[in-house]
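Scroll down for the structure; my scribbles are underneath it.
The values are calculated or read from the model by the stated rules, or taken from the named source; none is laboratory data. Please read these numbers as outputs of a predicted model, since none were measured by experiment. Counting neighbours? That spans all protein chains shown, and the Cβs are built from the backbone with ideal geometry, glycine included. Remember, those area values only see protein heavy atoms, side chains included, never the ligands or the DNA or RNA. Shrake-Rupley method; radii C 1.70, N 1.55, O 1.52, S 1.80 Å.
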Amino acid sequence: MVAAIQESTARARGCQSVVPVMTLTFASALWGGAAIIAVLVGVYLFRSRSQPRVVGSLLLWVEQHRPSEGGQWRQRPQVPLLLALEILIVLLVALAAASPRGVAPGQGLPLLVILDDSYSMRAGGADSPREQAIRAVEREMAAHAGYQVRLILAGSRPEFLGETCRAVAQLRQFWPHWKCGSPQGDLDLAIALARETRDHSARLLVVTDREPAVPPTDGRLQWWAFGRPRANLAFINGGRTMFGLKDRFFFEVANLSSQPVRVEGTIDNGRERHFTLEIAAADTRREVFDLDVPSAPVRVRLPTDDLPIDDELILLPPQQRLVTTAVTLGPGLLRDLTERAMAATGLVRAATAGATTTTDLVVRAAAETPPSPGQWVWEFLPVAGAEPFLGPFALDRANPLVEGLSLDGVVWSSPASGSVPGVPVVLLANTPLVTEERLAQGARRFRMRYDPARSTLHQSPNWPILFWNLVRWRQTFLPGPAHPNLRLGMDVRLQAPAGRSEVQVTAPDGRMVTLHAVGETAVFQPPAPGLYAVRCGGETFAFAVNCLTREESDLRRAATGHWGDWMQSEAFRQESVDLSWVFLLPAALLLGVHLFLISLAAGGRIRR
């Protein structure tokens, strides 16, 4: 236990105060001093106790005194002067043994406060760990005017929050940005970031709702936990898909408590209906439902509890992101093979006549015309002088086109020489068979040398796999989000239309964010659950974000307590001044007075 004697004067609504003048780093020494004082008082009490004596007469006694322990009249206790001096000397020596240290007023003390940004810190509303931590940090800063505080948000990716604060008023400007909306708080990574950022004299303070796995012992780190074990019901999984001609969804609810519960929730899909679940203690329940309105979003709600952020589940219908395609090859075997392979994917739709420039994917013969902005073109090159080959084939496995391909035993007929523009994807020895060329504004051109009359590639599963990879890859570059339903903490990749570099995202609270695309792609991490709207050019999309993290929703492991001691670090000894002399000097003076009085008593001039 660290004892501190503080002298503070509140100013500016309690935002500033005087630095503590003294801190006892070895306060247990005071218990030794108290024991010595108790023994000393006991010795004096037994020494001054009256002893009965039988005498012949009191006639010749110069003075008569009433015994101190009895009589008819109440008397004020008489404390001998030497006893008072001895008690005071022992007290001063005990304070000096407690190793008092002080910090000069105005001396800067760097403090890095690591804030747990996980959403479990919201549990409890006005009495949540977040609110308690805010009050505790403000009190700590108000008691130390020299603090230079820097905040670090410990979410999935730790980051600094704001600038250095030297007063509580500055600190309060950043509390609204501590939203506690992350599915996890990586405190270890945040502590590592704090240790690398400042020198070894900086103090580290972690505020969270869980106790540390290993209590800190290095003297630089303190760990403050403000959690309280609570029962909680939470969604931990959910999804929506087409099952035949029906649109279905499922969800899983976890009972994170030690008692069985009966849950009554609601489902809103155009019309509201109720459901009831009985879940055993520390168990989960999975339910599947058919939807009445397949095109509408689904909202499932649980009864409100101490952590409402995980009591709602929003599921949007699966997106039908079809790739607009056009096959402009001449009539023949190659055209038929290509059209059947692309139709088998189920991810394409034919472009309207005359709209080739706005088509997502064009399959054509070799041409000099470059692709339109954002357009992908697959070209079959002339195969004059083609020869059949069994390999060896080399594939660029880092390219999505060749995922799942196996060309063992495949006969591929192609010219044996000649160069092909682009980066090789499939090679025959040193001769490219398929290449990829990336152009400006998101356009790409693929070239393939293939003679179907003397090849067997189209007779193997590799042919539909190749075009599935092509169409699926192109689908991921369509404008908008790739997936409609996401978990909190996942990154959203938003594809911008060709020629545009900005994407607008509207959050559930109405706040609008403009993202700048890099390479036609903008990456965004939603800060909170809910329904988001995306506007890319003239198109509008939506995606839903849900809290589905069982570990973070489990509040049974929450705890309260303080771990670590800054006063035991070598850095504190370097930044503070030893104040033992403040007590040893007057103790020495009083000891001299004590010896002088004893010498007088020995001469009979003072009564003990």
Of the residues in the stretch 413-443, those that are farther than 20 Å from Arg364 by Cα and without any contact (Cβ under 8 Å) to a residue 60 or more places away in the chain number 8
Filter the helices (runs of 4 or more DSSP H) completely within the stretch 489-608 down to those with at least 1 residues that are open to solvent by 50 Å² or more (accessible area, probe 1.4 Å) and modelled with pLDDT under 80. 570-575, 581-602
Search result, residues across the stretch 138-157 that are surrounded by fewer than 22 Cβ atoms within 10 Å (Cβ to Cβ) and part of a helix (DSSP H, G or I): Glu138, Arg139, Glu140, Ala142
Take the conditions more than 30 Å from the chain's Cα centre (by Cα), basic (Lys, Arg) and under 30 Å from Arg349 (Cβ atoms) and apply them to Arg248. Does it pass? yes
From the list Ala231, Ala225, Ala282, pick out the single residue that is on the phi > 0 side of the Ramachandran plot, among the hydrophobic types (A, V, I, L, M, F, W, C) and in contact with a strand residue (DSSP E or B) (Cβ under 8 Å, 6 or more places away or on another chain). Ala282
Subset of the stretch 509-568, residues acidic (Asp, Glu) and either out of contact with any Ser or Thr (no Cβ under 6 Å at 6 or more places or on another chain) or more than 30 Å from Arg220 (Cα to Cα) (or both), comes to Asp509, Glu520, Glu539, Glu551, Asp554, Asp565
Hey, could you check the stretch 314-334 for residues that are farther than 28 Å from Asp290 by Cα and without any contact (Cβ under 8 Å) to a residue 24 or more places away in the chain and say which is surrounded by the most Cβ atoms within 10 Å (Cβ to Cβ)? Gly332
Within the set of pairs 6+ apart or on separate chains, which have a first residue in the stretch 122-142 that is at positive phi, a second that is basic (Lys, Arg) and assigned to a helix (DSSP H, G or I), and C-beta atoms under 9 Å apart? Gly124/Arg130
Please tell me if Phe446 is open to solvent by 50 Å² or more (accessible area, probe 1.4 Å) and in contact (Cβ under 8 Å) with a residue 24 or more places away in the chain. no
Among Asp311, Asp290, which is the only one that is under 24 Å from Leu486 (Cβ atoms) and buried (at least 17 other Cβ atoms within 10 Å of the Cβ)? Asp311
Show the residue pairs that are 6+ apart or on different chains and have beta-carbon atoms under 8 Å apart, the first residue being within the stretch 359-379 and free of Cβ contacts under 8 Å to residues at least 40 places away in the same chain, the second being in a loop (DSSP other than H, G, I, E, B) and open to solvent by 40 Å² or more (accessible area, probe 1.4 Å). Val362/Thr328; Val363/Thr328; Arg364/Thr328; Ala365/Thr328; Ala365/Gly330
Which of the residues that make up the stretch 378-413 are of a type in the set (Gly, Ala, Ser) and farther than 14 Å from Pro424 by Cα? Ala384, Gly385, Ala386, Gly391, Gly404, Ser406, Gly409, Ser413
Gly489 is checked against (1) in contact with a Ser or Thr (Cβ under 6 Å, 6 or more places away or on another chain); (2) under 21 Å from Arg335 (Cα atoms); (3) not hydroxyl-bearing (Ser, Thr, Tyr) and fails just one. What number does that condition carry? (2)
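To keep it simple, each residue is scored yes or no on (1) at pLDDT below 75; (2) aromatic (Phe, Trp, Tyr); (3) surrounded by 20 or more Cβ atoms within 10 Å (Cβ to Cβ).
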{"residue": "Ala84", "(1), (2), (3)": "no, no, no"}
{"residue": "Ile87", "(1), (2), (3)": "no, no, no"}
{"residue": "Leu92", "(1), (2), (3)": "no, no, yes"}
{"residue": "Ser99", "(1), (2), (3)": "yes, no, no"}
{"residue": "Ala104", "(1), (2), (3)": "yes, no, no"}
{"residue": "Gln107", "(1), (2), (3)": "yes, no, no"}
{"residue": "Tyr119", "(1), (2), (3)": "no, yes, yes"}
{"residue": "Gly124", "(1), (2), (3)": "no, no, yes"}
Kindly provide the set of residues from the stretch 335-346 that are within 14 Å of Thr324 (Cα to Cα) and open to solvent by less than 30 Å² (accessible area, probe 1.4 Å), ordered by number. Met342, Thr345
Here is a check on your reading of the model: is Arg321 of a type outside the set (A, V, I, L, M), part of a strand (DSSP E or B) and within 36 Å of the chain's Cα centre (by Cα)? no
Looking at the stretch 425-438, which of its residues are modelled with pLDDT of 90 or more, out of contact with any Leu (no Cβ under 6 Å at 6 or more places or on another chain) and of a type outside the set (Asp, Glu)? Leu427, Pro432, Leu433, Val434, Thr435, Arg438
Give the residues of the stretch 361-374 that are open to solvent by 30 Å² or more (accessible area, probe 1.4 Å) and assigned to a loop (DSSP other than H, G, I, E, B), sorted by residue number. Ala366, Ala367, Glu368, Thr369, Pro370, Pro373
